[in-house]
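Read the figures in this text as sums done on the coordinates, not as results from a lab. In this text, all values refer to a predicted model and were calculated from it rather than measured experimentally. Neighbour counts are summed over all protein chains in view; Cβ atoms, including those assigned to glycine, are modelled from backbone coordinates with ideal geometry.
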Amino acid sequence: MKPKDSAQKNYAAWRFFSSVRLTLVLLILLAAVSIVGTVIPQRQGMQEFAQGLSPGMLEVFRALQLFDVYHSFWFRILISTLALNLIVCSLDRLPATLRRLRSSPKPDRKKPFEETPPEHRFRTDRAVGEVAGVVEPLFRKKYKKTSRKDGESEVFLYGERGRLSLFAVYVVHLSVLLILAGGIVGSTLGFEAFVNIPEGGSVDTARLRDTRSPKPLGFRVECLDFDVSFYENGSPKEYRAELRFVGGESTQEATLRVNHPFTFQGIRFYQASYGSIPGNAVELLIRREGSPGAETRVHARRGEEVPLPGGEGAFVVDDIRQDFMRMGMGPAVRIAVQPTAGEDLAFWVFLHPERVASRFSESFRAFPKLNPSAFEPYTFLLSDVETRYYTGLQVNRDPGVPFVWAGFFLIVFGLFAAFFTSHRRVWIRIEAAGDGTLVRVAGTSNKNPVGAEREMTQLASRLREHLGAQGRQA
Amino acid sequence: MINTVILSYVTFGYFAAFMAYLCMMVMGRDILGRAATAITLATLGVHTFAIILRWVESYQLGIGHAPMSNLYESLIFFAWTIVLLYVLVEWRTRNRSIGAFATPLAFLAMAYASYSPNVTERIQPLVPALKSNWLIAHVITCFFGYAAFGIAFGLSIMFLLKRRQSPGGRSTFLSLIPSPSLLDELIYQMVLIGFLLLTLGIITGSVWAHSAWGSYWSWDPKETWSLITWLVYAALLHSRLIRGWRGKRIALLSIVGFACVLFTYFGVNYLAGLHSYAKV
């Protein structure tokens, strides 16, 4: 991809995308627009906020996709530009890095020694050849790619270490690209859905989060049991769903808890929420006025015919509601009475009649459909409704995850190497001086010059120790 | 519970350390500096003991978990990481002036935890989403990262103060602050450590979210603000490493970065609070 012809490098586009100034602008822009997304309510949260806007403003917000900033076209353009910037920057600088990697500088270079501080040199009484014999093996132990050159009365050594540090920055950039790639793979090839399954129930489709359209799973999921436990202070302790997965030949059972998802045929299930729905069994208290007066406790199941205690016919519980008309009045059941003489009639009976009383006027309650004494001489009281839990599952498939994980893994190593290792080149000059020998060390580093200084000081003092020199500094 | 009592005294310990560092800076007496270090170390010891005690007490209550699960515990831990990191920096640089800028951060975190009516100091049981081994890894990496950024922030303030020193000026306070070039290097080192740890914190949080909620990234305000913080420090590193920015610009960027850290930590709750207020 990199243009071979150096003249081509002058292309404005290449220069533009390889500039770090662009990187800085993009990083700050991304940070700024991310803030916008945390201030303006996004997606589901937008309704209320949108109501406070004038129609014109609402139109502007919609056109700029401000209610879904992180999936808007312009956010994607920023991310893509950053990715392109990363790629071009890396390609632009890679050749220089490779050259640096391959090059082996001459051992007798003078330039590194132009300003040798006193800590980096020492004198010894031993002869040049003897000193080189001690220094070279020590030097080879610590540095790689070492080379030696012998002059008339001098020996020059060169070595380097930390060459991989040169590539750390590319590893970091590659891992950012991997993470972005994982995000793209996940959003194009994967899906995010949810489904509620009541205890004893089963499903073979989930509902997609973004479009709310059904998503066939290709297998059946049954909820065998759901349980929620609480701490003494009333906060939830554990949600636990016992599930059975039935797909073709294979059947598998699994316990789902928060933080413990389960994967079946490539689709991951997460315990996300729960709730309760009325079951099929209810308990009724049936009061009969007059003679014979009686109070009978009756257990009834939905759709099952139950004889009236006085023998005037039978009734059926034909509907059970968790919350009557969704008005916070609590559970209610509909009683359909089929008397042996007279017309059939049906009415609602409430678990919490006091709530109905506080909500509705006397006259409204006289309405036969809400009157528990509509069928004389009986009064029906609802004393219990069986509840069943349902488990709310998050259902995902994300083939991008391995890319993201690989990116995470690499970025940690890359950052560590980029920040805390460096490529060091070290030269040693051993030369005759007066009646003894002068040893000087010098080094260059691609980063952390302070650390490089320290390393040279340590190297010099170690060599001096091994040579048993008096430490006379030249 | 005894641990919260001890921790409320720790608050005063750090305040005393701050005062001692400050007196040292104003009067330039070395003995005050040594006293400040001694107070800091002793308080850190008591602080460590109280955290361990809280951990033990949670097990005695039958709801045992590492003390890192709510705002109170995180503030206590934040203060602890700041002081621990500062002590290491003092030891490495042999310079005590940084203490006058690091200990107040720890004191403020402790005071907020111990004396704010909005922060409950009770040991609460873990809700199902927090029951994960990722909790400890996530909290430790995030807060050491925050602490490194916090110390970089203190150093940046020192840098800006030091610039005001006129040549030949006789302010003891300013002359005790290290040279601008050393401060610049230290800011950079702290940001490196903070950036690596913040990256690890985001990664551990992300892996955890993937197993708890089914998505490694869902653009929730806290996640987004941690990314904003990451982007700001990434900009700082690029401007320094590639464009060669030094000194004042880096110090200012590091202050902006720490403001983002604080917003990620506290402001996000305030954001949500703003919304619920607006709904009324």
note = Of the listed links B:162/B:222; A:111/A:142; A:142/B:248; B:222/B:248, those spanning more than 27 angstrom between alpha carbons are B:162/B:222; A:142/B:248; B:222/B:248
message = Can you tell me which aspartates and glutamates have their Cα less than 15 Å from the Cα of residue A:369? Leave out same-chain residues fewer than eight positions away.
response = A:318, A:319, A:343, A:344
query = Over the Cα atoms of the range A:3-101, Rg to Rh with Kirkwood Rh, two decimal places?
reply = 1.20
query = Please identify the trypsin sites (Lys or Arg not before Pro) of the range A:109-178 that satisfy two criteria: DSSP loop assignment and at most 12 other Cβ atoms within 10 Å. Which are they?
reply = A:110
ask   = What's the Cα-based Rg to Rh of the protein assembly as shown, Rh via Kirkwood?
value = 1.11
ask   = Using just the C-alpha positions of the range B:45-160 as equal point scatterers, what log10 of I(q)/I(0) does the Debye formula give at each q in 0.23 1/Å?
value = -1.33
key: Proportion of all alpha-carbon pairs of the range A:279-386 beyond 15 Å (%)   = 61
Net charge over other residues, Cβ less than 13 angstrom from the Cβ of residue A:173 (K, R count +1; D, E count -1) = 0
ask   = Which of the peptides A:405-413, B:200-208 is most tightly packed, and how do the rest follow, going by the mean number of other Cβ atoms within 10 Å of each residue?
value = B:200-208, A:405-413
request  = With a Förster radius of 60 Å, plug the Cβ-Cβ distance of residue B:171 and residue A:202 into 1/(1 + (r/R0)^6) and report the FRET value to the nearest 0.05.
outcome  = 0.20
request  = Take the Cα atoms of the range B:141-249, build their convex hull, and give its volume per residue in Å³.
outcome  = 101
ask   = Which of A:98, A:113, A:128 sits closest to the plus end of the dipole of the range A:95-196, meaning its Cα is farthest towards the positive end, when Lys and Arg get +1 and Asp and Glu get -1 on the C-beta?
value = A:128
GNM result for chain B, Cα springs below 10 Å: residue of B:148, B:79, B:50 fluctuating most strongly = B:50
ask   = Taking amide hydrogens as modeled 1.01 Å from N in the peptide plane, which residues meet the under 5 Å criterion relative to residue A:387, leaving out close sequence neighbours?
value = A:279
inquiry  = What whole-number distance in Å separates the alpha-carbon centres of the range B:145-180 and the range A:50-78?
reply    = 44
query = Considering every residue in B:127-134, what mean count of other chain Cβ atoms within 10 Å of its Cβ is obtained?
reply = 5
task = Mind checking the range A:152-200 for GluC sites (Glu not before Pro) that DSSP puts in a loop (not H, G, I, E or B) and that have at most 15 other Cβ atoms within 10 Å?
result = A:152
task = Take the Cα gyration tensor of the range A:379-474, multiply each eigenvalue by 5, square-root it, and list the three semi-axes largest first, rounded to whole angstrom.
result = 73, 17, 9
task = Using the number of other C-beta atoms within 10 angstrom as an exposure proxy, rank A:73, B:143 with the fewest first.
result = A:73, B:143
Net length gained if the chain between residue A:232 and residue A:297 were fully extended (0.36 nm per residue, minus Cα distance) = 20.0 nm
key: Fluctuation leader among B:56, B:83, B:127 - chain B, Gaussian network, Cα springs under 10 angstrom   = B:127
key: Backbone HN-Hα couplings from phi across the range A:301-318 [Karplus 6.51/-1.76/1.60, Hz, Gly and Pro as x]   = 10, 4, x, 9, 6, 10, x, 6, x, x, x, 7, x, 9, 9, 10, 7, 9
key: Phi-based couplings in Hz for the range B:96-109 (Karplus 6.51, -1.76, 1.60; Gly and Pro marked x)   = 8, 4, 4, x, 5, 10, 9, 4, x, 4, 5, 4, 5, 4
note = The answer for chain A, counting only DSSP H helices whose Cα atoms cover 20 angstrom or more along the axis and whose Kyte-Doolittle average is 1.6 or greater, is A:20-39, A:165-189, A:401-420
query = To the nearest 500 deg cm²/dmol, what mean residue ellipticity at 222 nm is calculated for chain B from DSSP H runs of n ≥ 4 alone, each contributing -39,500 (n - 2.57), summed and divided by the residues?
reply = -26500 deg cm²/dmol
ask   = At 10 °C and 1.306 mPa s, what whole-number value in µm²/s does Stokes-Einstein give for the translational diffusion of chain B, with Rh from the Kirkwood sum over Cα pairs?
value = 80
note = Between residue B:42 and residue A:462, the FRET efficiency computed from the C-beta separation at R0 = 51 Å comes out, to the nearest 0.05, as 0.85
ask   = What nm value, rounded to one decimal, do you get for the distance between residue A:252 and residue A:77 when each label is placed 7 Å out toward the C-beta?
value = 4.5
inquiry  = Helix-only mean residue ellipticity at 222 nm, chain A, DSSP H runs n ≥ 4 weighted -39,500 (n - 2.57), per residue, nearest 500. What is it?
reply    = -11000 deg cm²/dmol
query = Roughly what % of Cα-Cα distances in the range A:79-170 sit above 23 Å, to the whole percent?
reply = 44
